[in-house]
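The values are calculated or read from the model by the stated rules, or taken from the named source; none is laboratory data. Keep in mind that this is a model prediction, so the values were computed, not measured. Positions of Cβ are backbone-derived with ideal geometry, glycine not excepted, and every protein chain shown enters the neighbour counts.
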Amino acid sequence: MAVAGALLILVGAGSYVTGWMLSPYLYTAGAVLFAIPQLMARYEGKNIVIRRLRRQQIFGALLLMLTSVCMFTLHRNEWIVCLSVAAFLELYTAFRIPAELEKEKFN
């Protein structure tokens, strides 16, 4: 589900610059599909670093959905700032969480 959401985010954001009227709807569907697995995932451990990274990941997912609101309400390219911050957080946590889980497994 997350992969399909990521593809819809990419197509929606990429086609927005062409002025295609359905692109915000594609992006919104992708953001919701991408955010659902992240919001549903749980970490029950006590590692403070992983808990912080999970909060950052959830914040990134919420920013992805806020970007879709910006695409509908703001009629210039201000949504790109929100998307950039969300993408940075998602990319950062995508690499750091598995690394921290691996460290936790060996301790």
| field | Options Leu26, Leu91; residue that is within 19 Å of Leu10 (Cα to Cα), without any contact (Cβ under 8 Å) to a residue 40 or more places away in the chain, in contact with a Leu (Cβ under 8 Å, 6 or more places away or on another chain) and aliphatic (A, V, I, L, M) | value | Leu26
| said: Restricting to the stretch 91-107, name every residue that is surrounded by 13 or more Cβ atoms within 10 Å (Cβ to Cβ) and at pLDDT 90 or above. | reply: Tyr92, Thr93, Arg96, Ile97, Glu100, Leu101
| task | Give just the number: which of (1) exposed (fewer than 13 other Cβ atoms within 10 Å of the Cβ); (2) within 18 Å of Leu101 (Cα to Cα) does Val3 not satisfy? | result | (2)
| field | Failed item, numbered, when Leu53 is tested on (1) modelled with pLDDT of 90 or more; (2) over 12 Å from the mean Cα position of the chain (by Cα); (3) loosely packed, with under 12 Cβ neighbours inside 10 Å | value | (3)
| message | Being under 18 Å from Val3 (Cα atoms), of a type outside the set (D, E, K, R) and more than 15 Å from the chain's Cα centre (by Cα) is the requirement here; does Pro98 meet it? | response | yes
| remark: The helices (runs of 4 or more DSSP H) lying entirely within the stretch 1-99 that contain at least 2 residues which are of a type in the set (Lys, Arg) are 48-73
| remark: Within the stretch 60-86, restricting to residues that are among the polar types (S, T, N, Q) and exposed (fewer than 15 other Cβ atoms within 10 Å of the Cβ), the one that is farthest from Ser23 (Cα to Cα) is Ser84
